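**Student:** The structure under discussion is supplied below as structure tokens; questions concerning it will follow.
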Amino acid sequence: MSDQELTVRIAPSVGAFDAGEWNALGGNRNPFVAHEFLTALEDSGSVGEGTGWDPVPIVITDASGALLAAMPSYAKGHSQGEYVFDHAWADAWHRAGGQYYPKLQIAAPFTPANGPRLLLRDESLAPHLLKAAETVCLKSGLSSAHATFIEPQQLELFEDAGWLMRSDIQFHWENRGYENFDDFLGELASRKRRTLRKERAAAQAGVEIVRLSGDAIRPEHWDAFWIFYQDTGARKWGRPYLTREAFTLLGERMSDRIVMILALVEGHPIAGALNFIGDEALYGRYWGCSVDKRFLHFELCYYQAIDFAIERGLKRVEAGAQGGHKLARGYEPVQTWSAHWIADPGFREAVSDFLERERAGVAQDQNYLDRRTPFRKG
């Protein structure tokens, strides 16, 4: 396809596009770039005016107006809700007399989960999208562009475009063809195996645990989960990122790609975990409780997720950002990646030097954690 046939532009929102056309570019396999997810954030006011996340999706269309490629991107007025921390970069640039914000964020908002950041009908369109992101920064006075939690298959596209690469570590559970949870436990060292069994027994004592998906998730379940989410969000971030309406819209638009795991006492929810289902992975996103019960967090967020992944034949569970406690529960250290384009050459060089030093530290952490997984050695 020749460049003359392409139109590259900024759209006002993901909602400006047909769901089927958008999802054909990648949303059918990853829930967090799906039209339903991104428009639920837009329509609920979780992103948009007053949030510091202004939707500016960059798209490529052909002469007929058909959507060929898209980049879910946002003009950011702060660095909250990204889970790849660049506050030190912002401080350094401000001290040097520069203006770090606004910046361009290429991401699924509030979602530290791997996924495609370039939604492409044809991979040859990737350079056009990345060049467009750079041009938007230069023409709009944005300091930089940042693509976070890039799926491994797309890393080379950013590297080839000369973006700076940054790595970090998450903890993912890998399904090695297990038939059931006991099959997985059999791979662990005996002491770790006993510990996990005791934790599950303690967590399940006196509660009923249910998994809900599709139409089984009713408004009262979302009401209960909203209370859990608010409590966790207030403690972690100061204020929740999502509005109550976001959960209603997610339930209406994509409940078949959601599994809500609730702990009930006498039929009343006391804790819950919310997961999204992808083609290959289960993505753990939110957790909260109204009653503090020992090990219940591990049961709902990690062990139930493993059970579900085994039953569905999913390849892995991605349990979100941070959390070294996941290591003892069979979740292994995995590198995650982001890519960064800096407009100012001097600032870019300084960030590049920082990333080189940081990568050495991340590699050391990875080696340390790899030696401390609970699996049997030898």
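The values are calculated or read from the model by the stated rules, or taken from the named source; none is laboratory data. For clarity, every value in this text was computed on a predicted model and none was experimentally measured. Note that we place each Cβ from the backbone using ideal geometry, even for glycine, and neighbour counts take in every protein chain shown. Accessible surface is based on the protein model in full, side chains and every heavy atom, while ligands, DNA and RNA are left aside. Shrake-Rupley method; radii C 1.70, N 1.55, O 1.52, S 1.80 Å.
**Student:** Along the stretch 167-183, what does the Karplus equation 6.51 cos²θ - 1.76 cosθ + 1.60 (θ = phi - 60°) give for ³J(HN,Hα), rounded to whole Hz, x for Gly and Pro?
**Tutor:** Per-residue couplings from phi come out as 10, 8, 10, 10, 10, 10, 9, 10, 8, 9, x, 5, 8, 6, 5, 5, 4 Hz.
**Student:** Fully extended, how many nm does the chain gain between Ala350 and Phe375 (0.36 nm per residue separation, minus their Cα-Cα distance)? Kindly include the intermediate steps, with their values, before the conclusion.
**Tutor:** Details: separation 25, 0.36 × 25 = 9.00 nm, distance 4.02 nm.
Additional length available on full extension: 5.0 nm.
**Student:** Still on this structure, I have one more. Counting only Cα atoms, I'd like the Rg/Rh figure for the stretch 229-378, Kirkwood definition for Rh. Spell out each step's value before the answer.
**Tutor:** On the way: Rg = 18.8 Å, Rh = 18.2 Å.
Dividing the radius of gyration by the Kirkwood radius yields 1.03.
**Student:** List the residues, sorted by chain then number, that are 5 or more residues from Gly48 or on another chain and whose placed amide H is less than 5 Å from its amide H.
**Tutor:** Counting only residues 5 or more places away or on other chains, the set is Trp53, Asp54.
**Student:** In what sequence, highest mean first, do 23-35, 89-101, 216-228 appear when ranked by Cβ atoms within 10 angstrom? Walk me through the numbers before you get to the answer.
**Tutor:** Values: 23-35: 21.5, 89-101: 14.5, 216-228: 16.2.
Packing order, densest peptide first, comes out as 23-35, 216-228, 89-101.
**Student:** Let me have the 222 nm mean residue ellipticity of the chain computed from DSSP H runs of 4+ only, each contributing -39500 (n - 2.57), with the sum over all residues rounded to the nearest 500. It would help to have the intermediate numbers written out before the result.
**Tutor:** Values: 11 runs with 128 residues, N = 378.
After summing the helix terms and dividing by residue count, I get -10500 deg cm²/dmol.
**Student:** Taking the inverse of the average 1/r across all pairs of different Cα atoms in the stretch 259-322, what Kirkwood radius in Å do you get?
**Tutor:** Values: mean 1/r = 0.0833 Å⁻¹.
Its Kirkwood hydrodynamic radius stands at 12.0 Å.
**Student:** Give me the number: length gained by fully extending Val265 to Asp279, i.e. 0.36 nm times residue separation minus the C-alpha to C-alpha distance, one decimal in nm. Don't skip to the end; give the middle numbers.
**Tutor:** Working: separation 14, 0.36 × 14 = 5.04 nm, distance 3.28 nm.
So the extension gain works out to 1.8 nm.
**Student:** How many lysine pairs are close in the chain, with Cα atoms under 20 Å apart and the two 8 or more places apart or on different chains?
**Tutor:** 15
**Student:** Taking the Cα atoms of the chain, what is the range of coordinates along each of the three principal axes, in descending order and whole Å?
**Tutor:** The Cα atoms of the chain stretch 63, 45, 41 Å along the principal axes, largest first.
**Student:** When only DSSP loop residues count, what trypsin sites (Lys or Arg not before Pro) in the stretch 268-322 have their Cβ near at most 11 other Cβ atoms within 10 Å? Display every interim value, and only then the final one.
**Tutor:** Details: sites: Arg285, Lys293, Arg294, Arg312, Lys315, Arg316; in loops: Lys293, Arg294, Lys315.
Here the trypsin sites (Lys or Arg not before Pro) that fit, given the DSSP loop and packing criteria, are Arg294.
**Student:** Give me P(r) over the stretch 167-321, computed from all C-alpha to C-alpha distances, binned every 10 Å, as integer percentages.
**Tutor:** 11, 38, 38, 12, 1
**Student:** I would also like to ask the following. Excluding Ser140 itself, what net charge comes from residues whose Cβ is under 12 Å from its Cβ, given Lys and Arg +1 and Asp and Glu -1? If you can, show how the numbers build up before the last one.
**Tutor:** On the way: positive: Lys103, Lys139; negative: Asp54, Glu134.
Local charge sum for Ser140: 0.
**Student:** Restricting attention to the stretch 163-213, which chymotrypsin sites (Phe, Trp or Tyr not before Pro) occupy a DSSP loop and are surrounded by at most 14 other Cβ atoms within 10 Å? Provide the component values of the computation, followed by the final result.
**Tutor:** Numbers: sites: Trp163, Phe171, Trp173, Tyr178, Phe181, Phe184; in loops: Trp163, Tyr178.
Qualifying residues, ordered by number: none.
**Student:** Which of Ser143, Ser64, Ser255 ends up with the largest GNM mean-square fluctuation for the chain, with Cα atoms connected below 10 Å?
**Tutor:** Ser64
**Student:** First check a/c for the stretch 107-200, with a ≥ b ≥ c the square roots of the eigenvalues of its C-alpha gyration tensor; if it is under 1.5, answer rounded, and if not, answer prolate when a/b is larger than b/c or oblate otherwise. Provide the component values of the computation, followed by the final result.
**Tutor:** Details: a/c = 3.81, a/b = 2.72, b/c = 1.40.
The shape class here is prolate.
**Student:** Calculate the dipole size of the stretch 174-302 relative to its Cα centre from +1 charges on Lys and Arg beta carbons and -1 charges on Asp and Glu beta carbons; express the result in debye to the nearest 20.
**Tutor:** So the magnitude is around 680 debye.
**Student:** Ranked highest first by the average count of other Cβ atoms within 10 Å around their residues, in what order do 353-360, 112-119 fall?
**Tutor:** Details: 353-360: 11.9, 112-119: 24.6.
Answer by packing, highest mean first, reads 112-119, 353-360.
**Student:** Next question. Rolling a 1.4 Å sphere over the protein heavy atoms, what is the accessible area per residue of the chain, to the nearest Å²?
**Tutor:** Heavy-atom SASA per residue in the chain reads 43 Å².
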